[in-house]
């Protein structure tokens with residue numbers, strides 16, 4: 001097909017394997033399509049009715065044949081399933097050392113926040129050769145963050161964090177699409193991911209104005225929302241201490257346990273009655289509607305910064321800086337209006 | 001060969017005037033009512049597709065406003081799925097043919113049969129009202145929270161239309177199940193039934209068991225929109241993904257409501273035009289039931305990127321492959337039927353050959369979407385659009401059109417133009433491939449579905465697709481012309497113009513209102529082709 005491209009750029013660590021699996025299924029499909037088509041076309045010529053009274057041979061069927069054409073496709077299907085499942089496992093499991101980015105979809109734009117505090121809209125700058133984990137959510141309806149060149153996507157669902165990861169392998173500019181229909185300007189909810197050499201990326205991080213790292217913004221918000229009046233580091237407050245909790249297991253009032261991660265922290269802020277740590281009274285108010293998605297992410301980053309051991313696995317915080325393209329700092333950072 | 005005479009007494013001549021049609025309890029007349037109404041919806045849905053394909057010839061989104069475009073693809077989907085594809089084969093061909101195929105005078109509940117047509121019409125009127133009132137823009141999938149909270153269009157009338165028409169589907173299914181169990185002629189046991197009847201039995205099970213779930217789901221969306229229930233709204237503790245589970249629990253099996261009856265049609269035509277018993281009859285029969293049953297446990301393959309866990313995704317991926325096997329078994333058995341047959345290639349058989357090509361590609365491309373590693377990339381792209389059009393248009397409509405051409409002489413007693421019908425079968429096949437094959441490539445390139453504008457690199461393939469759609473449209477319009485023409489000017493068909501072995505071909509064409517003057521007793525094996533059958537068809 002002269003001039004018509006058949007593949008998008010393969011620019012992530014798992015993209016070549018997705019393409020290989022795709023080509024494997026293409027080969028299997030082509031084989032069966034050609035084989036069955038050839039057979040029925042051959043029969044069309046070979047067994048064409050010769051005279052008007054002719055009837056076909058009386059054949060009931062054949063058990064061996066039925067078994068053959070049930071079992072062989074089943075085996076081939078199981079190979080596809082196993083290969084696809086293995087690859088999916090990789091696509092869904094972000095390495096522990098990933099650089100973390102928060103993404104928020106809203107009608108009709110993508111907002112990205114780097115832990116260093118940089119914010120971008122419809123553009124995402126990432127370094128080449130380093131795993132990037134994006135925690136995706138939505139402010140309104142469903143969206144879907146889709147990087148065709150990285151062969152991955154995930155739905156942005158209001159009320160939860162959905163993780164997506166990739167490791168870009170080629171510097172360049174690639175499409176970001178919204179792949180879940182979201183209303184009027186669904187097809188305008190597109191952007192560009194800019195994969196940079198590590199040095200260029202550092203330069204990009206250093207450029208632009210400063211509004212503090214996400215953790216610093218979160219710390220300010222932590223005080224503004226008076227979280228600090230109950231969550232004392234000493235553990236003597238009305239709420240549990242938030243020091244060194246991330247990545248650990250906590251015991252809940254009902255006797256179950258929960259792992260403290262972003263999803264847990266998010267739920268505990270927005271729906272504070274859902275999981276109460278054992279030994280505490282459920283008196284924390286809900287912050288649903290009082291804190292924006294950006295503010296929420298900053299709070300979570302602040303709480304994570306209180307667990308330096310857990311953070312030791314994660315990359316070192318990048319210098320506080322924001323590029324000129326980002327949204328101007330709101331007066332009360334993160335807090336809604 | 002003696003010239004057949006058009007019978008003076010038949011179901012069409014039994015009563016004249018609008019009243020005789022609108023109050024009829026004759027399954028054949030009700031089938032004709034359905035034929036007229038679903039054809040109207042088909043061309044309305046097609047009109048919206050014309051709008052979509054025109055817009056997509058250029059990348060800029062310059063022909064229609066984005067909201068208009070969004071309404072076009074929504075209405076195209078809603079109309080084609082709920083008001084054309086779901087009723088198509090069962091309500092027209094199933095209604096017309098199941099009673100004569102089982103040797104009965106009518107369905108078990110003739111009044112309920114008429115009621116189900118009226119319910120369908122009322123549902124259709126609600127949907128037409130939604131269109132006239134300004135349209136709806138949620139996509140045919142009505143995903144929350146967009147449909148429940150965000151869209152400002154006519155979601156409620158459209159959803160009510162779908163809700164109401166669902167009852168028509170349930171009643172039709174119920175009627176078929178009872179008819180097939182209770183109304184078979186003496187001696188016509190299950191394994192003598194045509195595979196068309198088996199396919200409809202499997203379909204009816206889905207209609208009866210699945211449709212209530214989508215009805216409940218629509219009521220929930222209605223409650224959320226009208227009374228602010230918060231079932232799907234995370235701000236109020238709801239879960240938007242719950243909607244997808246409920247919706248696909250019906251809407252995935254609904255795909256089999258659309259395709260299974262068409263597969264039944266294919267069995268009839270393949271057998272007749274090769275004058276040979278279907279190879280592996282019982283495997284083909286049970287594969288219909290297997291598809292119907294497995295169809296209920298694969299719904300979450302629509303949700304691999306919607307936040308279900310990795311392990312849930314693996315289970316649903318595995319189960320999805322289980323549907324591929326019975327579908328493959330059918331294709332292999334049909335192909336084997338042709339071996340050592342006596343093949344002839346009138347229009348119905350040409351549609352079947354077209355069906356082979358399209359259903360193969362449609363089925364095999366499903367593997368890419370059941371496979372987790374590739375689905376993450378392909379989900380919600382044009383690859384999915386191409387895949388389901390190959391199944392639902394390539395498979396179901398080819399089967400439907402093949403069936404219409406096969407049984408048209410039985411339904412109206414006259415033959416259509418052999419030349420034009422072959423031309424149209426070829427146009428549909430070529431136009432269909434031109435329209436939808438480029439969309440597989442677009443999808444792998446990463447073009448998301450439901451896009452009003454798109455990056456420039458996707459234009460060439462989109463223009464190809466729109467060009468193909470023009471050919472396809474022509475292929476769909478032609479049959480309307482020559483079939484209508486045949487009503488008055490067509491040659492008289494006779495009882496059995498194809499030399500087919502089914503019971504329905506033993507009656508006159510068009511049949512009497514009672515189908516048979518006497519209940520048939522000497523029931524042959526299914527698809528028993530002997531020189532006697534051909535001789536009695538008086539073809540030579």
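Since every read-out is calculated from the coordinates, none of them should be taken as a lab result. Quantities reported herein were computed from a predicted structural model and do not represent experimental measurements. Here the Cβ is made from the backbone with ideal geometry for all residues, glycine too, and neighbour counts use every protein chain on show.
Considering helices alone, the calculated mean residue ellipticity of chain B at 222 nm is -21500 deg cm²/dmol, with DSSP H runs of length four and up weighted by -39500 (n - 2.57) and normalised per residue. Per-residue shielding of B:342-348, expressed as the average number of other chain Cβ atoms within 10 Å of the residue Cβ, stands at 4. Nearest 0.05, what FRET efficiency do residue B:40 and residue B:517 give at R0 = 25 Å with Cβ-Cβ as r? My answer for the efficiency is 0.10.
Could you work out the relative contact order of region A:214-311, using alpha carbon pairs under 8 angstrom and six or more residues apart, expressed as a whole percent? Show your work: numbers first, answer last.
Working: 138 pairs, mean separation 36.2, N = 98.
Dividing the mean separation by the residue count of region A:214-311 yields 37 percent.
Taking every DSSP beta bridge with both residues inside chain A, roughly what % is antiparallel (nearest 5)? Close to 70 percent. Mean-square fluctuation check for chain A, GNM, Cα pairs under 10 Å: which of A:137, A:169, A:229 is largest? Top of the fluctuation ranking is A:229. The mean number of partner chain beta-carbon atoms within 10 angstrom of a residue's beta-carbon across peptide A:18-24 is 4. Helix B:310-338 and the longest principal axis of the C-alpha atoms of chain B enclose an angle of approximately 20°. Residues of region A:119-133 with an amide N closer than 17 Å to a point placed 7 Å from the Cα of residue A:97 along the Cα-to-Cβ direction: A:127-133.
Rounded to the nearest 0.05, what FRET efficiency is calculated for residue A:6 and residue A:271 with R0 set to 56 Å and r the Cβ-Cβ distance?
Details: r = 47 Å, r/R0 = 0.83.
After rounding to 0.05, the efficiency reads 0.75.
Between 0 and 90 degrees, the angle of helix B:27-55 with respect to the longest Cα principal axis of chain B falls at about 40 degrees. Once C-alpha pairs closer than 8 Å and six or more residues apart are averaged by separation and normalised to the residue number of region B:28-536, the relative contact order reads 18 percent.
With a Förster radius of 35 Å applied to the beta-carbon distance between residue B:3 and residue B:25, the computed FRET efficiency rounds to 0.55. Where in region B:70-91 is the amide nitrogen less than 12 Å from a point lying 7 Å along the Cα-to-Cβ axis of residue B:480? The answer is none, because no backbone nitrogen lies closer than 12 Å to the label point.
Counting only DSSP H runs of at least 4 residues, each contributing -39500 (n - 2.57), and dividing by the residue count of chain A, the helix-based mean residue ellipticity at 222 nm comes to -11000 deg cm²/dmol.
Taking 8 Å as the Cα distance limit and 6 or more residues as the minimum spacing, I'd like the relative contact order of region B:308-394 as a percentage.
On the way: 40 pairs, mean separation 31.6, N = 87.
RCO, region B:308-394: 36 percent.
Against chain A, whose longest principal axis comes from its Cα atoms, helix A:63-92 is set at around 20 degrees. With Rh defined as the Kirkwood radius, the inverse of the mean 1/r over Cα pairs, the Rg/Rh of region B:362-449 is 1.15. Within 10 Å of the Cβ of each residue in B:358-371, the mean number of Cβ atoms contributed by other protein chains is 5.
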